[in-house]
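The values are calculated or read from the model by the stated rules, or taken from the named source; none is laboratory data. The model shown is predicted, which means the values in this text are computed figures rather than measured ones. In this analysis, Cβ positions are derived from the backbone assuming ideal geometry, glycine residues included, and neighbour counts consider all displayed protein chains.
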Amino acid sequence: MSNIIFFGPPGAGKGTQAKLISDFLNIPHLSTGDILRKKLLDKDNLANELKTIMSSGNLVSDDILNKIVSSRLNNESNNGFILDGYPRTLKQSEFLINHLFKTSSKINYIFNIQINFDTLKDRILKRSSEESRDDDNINVIETRYNEYLNSTQKVSNLYKEQYSSNFYDIDGSLQIDEITEKIKEILKKT
């Protein structure tokens with residue numbers, strides 16, 4: 001059983017690598033975006049609250065996201081998991097660390113996919129033209145990247161300090177299969 005976190009700026013390939021490694025290890029890939037979309041299908045008060053928040057274009061609060069993620073983690077506690085897009089804030093990080101402590105779980109691997117902004121911008125704009133994604137324009141890219149620098153990168157740096165023996169920086173400018181092989185080599189060694 002492995003518990004894994006993927007960090008990196010938007011467009012770095014976290015979701016792609018998380019899915020590939022999920023298939024490789026046969027453990028669940030918990031993407032916050034997927035988790036939120038799945039939760040919207042439920043017919044409870046939290047799902048209704050989420051619909052209101054998301055339809056207005058607002059970000060889901062840490063408290064709501066923490067409740068949803070902890071519920072999913074409880075369901076997957078015996079299987080291991082890969083987190084992609086969580087934790088993004090220091091408050092989410094604190095919640096996750098406490099949750100893992102309470103459930104006697106730990107993070108086995110943290111992969112931080114690093115990529116410079118120019119490479120990232122080119123990659124996302126290429127993806128936009130291939131997939132016709134409205135959210136992949138230069139203004140959105142810059143906003144999301146700055147949000148990453150101001151919030152999620154602080155969380156990543158904290159994890160690098162606290163879990164240095166489990167923390168691996170990965171060159172995100174490599175090809176997808178090269179990145180996957182580097183991650184698999186790390187998983188096989190330990």
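Tell me, which helices (runs of 4 or more DSSP H) lie completely within the range 83-164 with 1 or more residues that are under 14 Å from the mean Cα position of the chain (by Cα), surrounded by 18 or more Cβ atoms within 10 Å (Cβ to Cβ) and hydrophobic (A, V, I, L, M, F, W, C)? Step through it out loud before you land on a result.
Working: elements: 90-102, 117-131, 138-147, 153-162.
Fully inside the range 83-164 and qualifying: 90-102, 153-162.
Just give me the residues in the range 1-39 being part of a loop (DSSP other than H, G, I, E, B) and hydroxyl-bearing (Ser, Thr, Tyr), in sequence order. Working first, answer last.
Of the range 1-39, the ones part of a loop (DSSP other than H, G, I, E, B) are 1-2, 8-13, 26-28.
Passing the criteria: only Ser2.
Which is closer than 19 Å to Thr152 by Cβ, part of a helix (DSSP H, G or I) and without any contact (Cβ under 8 Å) to a residue 40 or more places away in the chain, of Ile64, Ile53? Steps first, answer last, please.
Working: Ile53 fails: closer than 19 Å to Thr152 by Cβ.
Residue meeting the stated conditions: Ile64.
Just to be sure, is Lys51 basic (Lys, Arg) and surrounded by 15 or more Cβ atoms within 10 Å (Cβ to Cβ)? Quick ask: steps written out before the conclusion?
Details: basic (Lys, Arg): yes; surrounded by 15 or more Cβ atoms within 10 Å (Cβ to Cβ): no.
Judged against the criteria, Lys51 is not a match.
Spot the failing condition for Arg37; the list is (1) within 24 Å of Tyr145 (Cβ to Cβ); (2) at pLDDT 90 or above; (3) loosely packed, with under 15 Cβ neighbours inside 10 Å, and only one is missed.
Among (1) within 24 Å of Tyr145 (Cβ to Cβ); (2) at pLDDT 90 or above; (3) loosely packed, with under 15 Cβ neighbours inside 10 Å, the lone unmet condition for Arg37 is (2).
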